[in-house]
Each structure stands twice: as C-alpha cells, then as structure tokens.
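Novice: This structure is in structure tokens; I'll ask about it shortly.
The values are calculated or read from the model by the stated rules, or taken from the named source; none is laboratory data. All values reported here derive from a predicted model rather than from experimental measurement. All Cβ positions, even for glycine, are placed from backbone atoms using ideal geometry, and neighbour counts span all protein chains on display.
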C-alpha cells in the first residue's frame with residue numbers, strides 16, 4: 001500500500017473519532033441531563049487525547065515524507081497538502097494542553113448555561129480566566145511554529161490566509177460608514193409602519209413552520225434533524241447534520257431566522273464533495289465561507305420581500321391565523337428588515353450585526369495579545385457597545401459579554417468569520433445574479449437554480465481551493481467588501 005493511501009486510512013480513522021465527538025457535543029448541548037456534565041466532560045477530554053495522539057503519531061512524519069515522493073494525481077497532491085496541514089496543526093500542541101483545553105472548555109460551557117441566566121459574571125469570570133490562559137498558551141505555541149502573530153495564529157485555524165492587518169483595514173473602513181448608515185436607515189424606517197405580532201406562537205407550531213421552511217430550502221432530513229438548545233448552532237457531520245434553535249412564544253421570526261441561518265450551514269455540509277468524505281480536502285474551506293452560506297440563506301434569501309411571499313401563507317396556515325394582518329408578506333418583510341440596535345448578536349439585523357462582530361474581534365484580539373485581561377471585558381464591552389450602537393450594558397452581563405458560547409471553549413479567532421461571511425455572501429449573490437434569475441426562483445418556490453449555483457461554485461469545492469481562489473473562481477475577484485456595502489444601501493436606503 002502506498003504511503004498516501006496509508007495517510008488516507010489514518011485520516012478516516014480520525015474523522016470517525018471526530019464524528020463521535022461532534023454527536024456527543026450536540027447531545028451535551030441539546031439532550032444531556034445536567035447531572036451528566038462532569039462525566040461527559042471527562043469522556044470528551046479522553047476522546048480528544050486519543051484523537052490528538054493519533055494525529056501526532058511519530059510515524060506520520062515519515063509517511064508524509066515518503067508520500068510526497070510518490071507518483072500522485074493532481075487531486076491526490078491537493079489532498080496530501082490538506083492532510084499535511086491538518087497534521088501540522090495537530091502536531092503543534094502538546095497532549096496535556098489539548099486535554100486541559102477540552103476539560104476546562106466543557107466545564108466552562110456547562111457552567112455558563114446556568115451562570116448566564118443568573119447574570120453571574122463573577123462566577124463565569126473564574127471559569128473563563130483559565131480558558132483564556134490556555135488559549136494564550138496555544139497562541140504562543142502556534143505563533144512560534146508558524147511565524148504568525150499571537151492572534152493570527154488562532155485566526156489561522158478558522159480563516160487560513162486571513163490576518164489582523166487585513167481585518168483591521170476592512171473593519172476600520174466599515175466603521176467609517178456603518179454608524180451613519182444605521183442612523184439613516186432608522187430615520188427612513190420611522191415613517192414605515194409595522195403591525196406588531198400579537199398573542200403567542202406555540203413552540204410546536206413554530207417547529208412545524210421551521211420544518212416546512214427547511215423543506216423549502218431543500219434540507220436533507222435523511223441526513224439531519226432539528227432540535228432545541230440554549231444557543232443555536234449547526235453540529236454533527238455531513239451525513240448526520242444536527243441543527244438547533246431556541247423559541248420565543250412572543251416572536252416566531254426569531255427562531256425561524258435562526259433555523260434558516262443554521263440550514264445554510266447544514267446545506268453546505270450536506271453538499272460537500274462525497275468523494276472526499278472523511279478527508280481534510282473534503283471539509284469546509286473556512287469558517288468565513290461557512291458563514292457566507294448561512295448568511296446567504298438568512299440575509300440574502302430570507303430577509304427579502306420575495307421570500308416573504310413564500311413565508312406568509314406558510315405562517316398563516318401553521319398558526320391558523322389566515323386573517324392576521326401581522327402575518328402578511330409585506331409586514332413579515334418589514335419585521336425581518338427592521339433596523340434597531342439591540343443587545344443580542346444572534347438577534348441583530350444585518351445592518352447592525354457587523355458592529356457586534358467588530359466589538360468581539362477587537363476584545364478577543366487584545367485579550368490574546370495580553371493587552372487586556374478577562375476582568376476588563378465588561379467595561380470595554382460597554383464602552384464599545386455605546387460607541388458603536390449607542391447601547392448601555394453596565395451590569396447587564398447576560399445580555400452583554402456573557403451572551404456568546406464561543407469563548408467558553410476557547411474558540412478565539414472565530415468571530416471575524418461572521419462579518420467576512422456576510423461580505424462573501426453579498427459578493428456571491430452579485431455574481432449569481434449575472435447568470436441566475438434569483439427573483440423568479442424565489443417567487444416560484446423552486447430554489448433549485450440558486451442551490452445549483454452554490455453547489456457548483458462553493459459546496460462541491462470543499463477544501464480543494466484556497467479561500468481567495470474559491471471566491472475568485474466563483475465571482476471573478478477576491479473578497480471585495482464594497483459588495484456588502486452596496487447590498488445594504490440597496491436594500492435599506
């Protein structure tokens with residue numbers, strides 16, 4: 001057997017361990033009783049160690065050296081490069097740090113689920129501080145091995161090729177026009193009436209509506225499911241995608257938009273190249289591209305007056321409220337495109353959303369680079385929320401710096417992907433409209449032309465191209481944030 005084939009077999013073994021870890025993680029968030037937390041944390045930490053030991057096995061270095069000398073196809077060469085990157089990423093960290101990161105992350109995340117509703121910043125801080133310290137240690141190790149800055153070394157895990165230099169430039173530009181845009185849109189919308197949602201929307205009916213919309217979006221229910229969790233997410237594996245949402249009986253649109261967002265993630269996973277399943281080359285390109293798919297579904301498609309024409313009859317029928325004027329297409333669209341600065345990132349409209357991301361990016365960048373400490377977060381959070389969105393968060397930790405799950409398990413470097421994703425999504429839509437009649441596809445209820453374009457240009461590529469190459473092949477140029485600005489101006493002004 002060739003050394004490349006040995007490496008493929010090894011990667012598939014690791015992929016199956018990752019499969020188990022992903023499903024255990026979903027269960028921990030959606031189904032596990034609270035009493036199982038300690039044992040589950042220990043089990044997942046043990047699984048992480050086993051996976052890490054396999055990923056860093058001493059013989060792999062020889063296998064890679066030998067495989068690089070073999071007569072491989074171009075596709076195998078691309079696959080080998082992805083395998084080697086994954087191996088190098090794993091090989092950087094010592095096993096004890098991996099175990100501690102998994103254990104402390106699981107404990108911090110589980111405690112957060114009760115500490116956040118209790119607004120218990122002091123309790124959460126004690127759990128977060130060791131997680132941050134481990135993240136700093138990881139950043140230092142990765143920085144030394146890659147030559148990247150501390151924060152860039154973590155950013156590289158989610159956005160290969162992206163740097164703080166580029167992000168700082170992009171976000172600095174956004175901050176020059178976003179505050180005025182937010183104000184202009186609010187001024188414009190003051191004259192636009194919205195009929196508020198009334199009464200309650202039972203959770204079972206909301207779930208039924210969500211499932212019907214997922215069908216409209218061609219979600220494959222033979223390879224996925226919908227559940228409830230504290231924080232909406234898309235987990236599992238491409239053959240078994242688990243998405244979750246949270247319901248508010250006073251407002252069905254919140255959960256529905258969350259479901260549509262996560263369905264975008266799920267369709268990307270379900271559309272990844274099957275011939276590369278269980279290999280790194282068959283995985284998602286980056287988290288920014290992943291977010292581009294969820295935000296394409298949520299922002300580009302569903303917060304659109306044409307899509308509201310599909311949603312309205314489904315909502316009226318599901319809730320048995322055919323005469324409810326709040327459930328007309330026009331009113332649903334007005335609700336879904338209302339711009340109002342708020343506390344919660346996942347509930348934010350697409351105009352104010354970038355401010356939430358920039359705030360988090362700036363805090364976590366400075367945290368990893370030891371310019372600030374965990375104890376400083378609430379004050380800095382409040383200062384930035386007031387500066388960017390005019391919102392006071394003093395003393396309101398649960399709706400402020402405790403609202404996200406990402407930092408609980410040490411996922412620093414992830415947040416920029418959200419706004420990068422929005423920018424990629426706008427650019428993909430602009431390119432798609434050159435060859436696809438998107439409006440007709442939406443109004444007909446047959447979105448297959450839209451999904452065919454995404455499958456051909458994004459999903460099927462997996463990790464065979466760099467982010468820049470993928471975006472350039474799909475749109476004719478690398479990331480250009482001006483498409484995002486143009487999209488917001490066009491839709492809202």
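Novice: Taking the condition of being modelled with pLDDT under 95 and either over 31 Å from the mean Cα position of the chain (by Cα) or exposed (fewer than 15 other Cβ atoms within 10 Å of the Cβ) (or both), how many residues in the stretch 55-74 meet it?
Specialist: 2
Novice: Test of understanding: among 452, 474, which residue is assigned to a helix (DSSP H, G or I) and surrounded by fewer than 19 Cβ atoms within 10 Å (Cβ to Cβ)?
Specialist: Answer to the selection: 452.
Novice: How many residues does the stretch 364-391 hold that are free of Cβ contacts under 8 Å to residues at least 24 places away in the same chain and part of a helix (DSSP H, G or I)?
Specialist: Matching residues across the stretch 364-391 total 9.
Novice: Let me ask something else. Which one of these does residue 232 not meet: (1) out of contact with any strand residue (DSSP E or B) (no Cβ under 8 Å at 6 or more places or on another chain); (2) under 24 Å from residue 307 (Cβ atoms); (3) modelled with pLDDT under 95?
Specialist: The failed condition is (1).
Novice: Quick one: is residue 118 assigned to a helix (DSSP H, G or I), outside the structural domain of residue 377 (by TED's automatic domain parsing) and surrounded by fewer than 16 Cβ atoms within 10 Å (Cβ to Cβ)?
Specialist: No; evaluated as a whole, the condition is false for this residue.
Novice: Now a separate question. Restricting attention to the stretch 389-398, does a residue exist that is within 28 Å of residue 163 (Cβ to Cβ) and surrounded by 15 or more Cβ atoms within 10 Å (Cβ to Cβ)?
Specialist: Yes, the stretch 389-398 contains a residue that is within 28 Å of residue 163 (Cβ to Cβ) and surrounded by 15 or more Cβ atoms within 10 Å (Cβ to Cβ).
Novice: Scan the stretch 405-413 and give yes if some residue there is more than 30 Å from residue 41 (Cα to Cα) and assigned by TED's automatic domain parsing to the domain that holds residue 344, otherwise no.
Specialist: There is no residue in the stretch 405-413 that is more than 30 Å from residue 41 (Cα to Cα) and assigned by TED's automatic domain parsing to the domain that holds residue 344.
Novice: Among the numbered criteria (1) assigned to a helix (DSSP H, G or I); (2) within 20 Å of residue 2 (Cα to Cα); (3) touching a residue at least 60 places away in the same chain (Cβ under 8 Å), which single criterion is violated by residue 72?
Specialist: Here residue 72 clears every test but (1).
Novice: Another question, then. Any idea which of (1) under 20 Å from residue 283 (Cβ atoms); (2) part of a helix (DSSP H, G or I) is the one residue 100 doesn't satisfy?
Specialist: (1) is the only condition that residue 100 fails.
Novice: In the stretch 238-266, which residues are in contact (Cβ under 8 Å) with a residue 60 or more places away in the chain, buried (at least 22 other Cβ atoms within 10 Å of the Cβ) and over 27 Å from residue 333 (Cβ atoms)?
Specialist: Result: 242, single match.
Novice: Still on this structure: If I filter the stretch 397-405 for residues that are farther than 23 Å from residue 268 by Cα and either free of Cβ contacts under 8 Å to residues at least 60 places away in the same chain or not in a loop (DSSP other than H, G, I, E, B) (or both), do I get at least one hit?
Specialist: yes
Novice: Can you tell me which residue within the stretch 366-386, out of those that are under 25 Å from the mean Cα position of the chain (by Cα) and over 15 Å from residue 345 (Cα atoms), is surrounded by the fewest Cβ atoms within 10 Å (Cβ to Cβ)?
Specialist: Only one residue tops the list, namely 369.
Novice: Please indicate, with yes or no, whether at least one residue in the stretch 135-144 is surrounded by fewer than 17 Cβ atoms within 10 Å (Cβ to Cβ) and farther than 25 Å from residue 286 by Cα.
Specialist: Checked against the condition, which is being surrounded by fewer than 17 Cβ atoms within 10 Å (Cβ to Cβ) and farther than 25 Å from residue 286 by Cα, the stretch 135-144 yields no hits at all.
Novice: Looking at this structure, is residue 23 assigned to a helix (DSSP H, G or I), within 24 Å of the chain's Cα centre (by Cα) and not assigned by TED's automatic domain parsing to the domain that holds residue 269?
Specialist: Yes: the conditions hold for residue 23.
Novice: Filtering the stretch 214-237 down to residues that are surrounded by 21 or more Cβ atoms within 10 Å (Cβ to Cβ) and over 15 Å from the mean Cα position of the chain (by Cα), which residue is farthest from residue 445 (Cα to Cα)?
Specialist: Per the stated criteria, the residue is 224.
Novice: Can you tell me which of 355, 308, 348 is closer than 30 Å to residue 193 by Cβ, without any contact (Cβ under 8 Å) to a residue 24 or more places away in the chain, under 25 Å from the mean Cα position of the chain (by Cα) and surrounded by 19 or more Cβ atoms within 10 Å (Cβ to Cβ)?
Specialist: 348
Novice: Name every residue in the stretch 129-173 that is at pLDDT below 95 and under 14 Å from residue 363 (Cα atoms), in order of residue number.
Specialist: Selection gives nothing.
Novice: Only one residue in 424, 418, 483 is under 30 Å from residue 118 (Cβ atoms), in the same structural domain as residue 348 (by TED's automatic domain parsing) and in contact (Cβ under 8 Å) with a residue 12 or more places away in the chain, so which one is that?
Specialist: Within the list 424, 418, 483, the selection yields 418.
Novice: Here is a list of conditions, (1) within 28 Å of residue 354 (Cβ to Cβ); (2) assigned by TED's automatic domain parsing to the domain that holds residue 324, and residue 202 meets all of them except one; can you say which number that is?
Specialist: (1)
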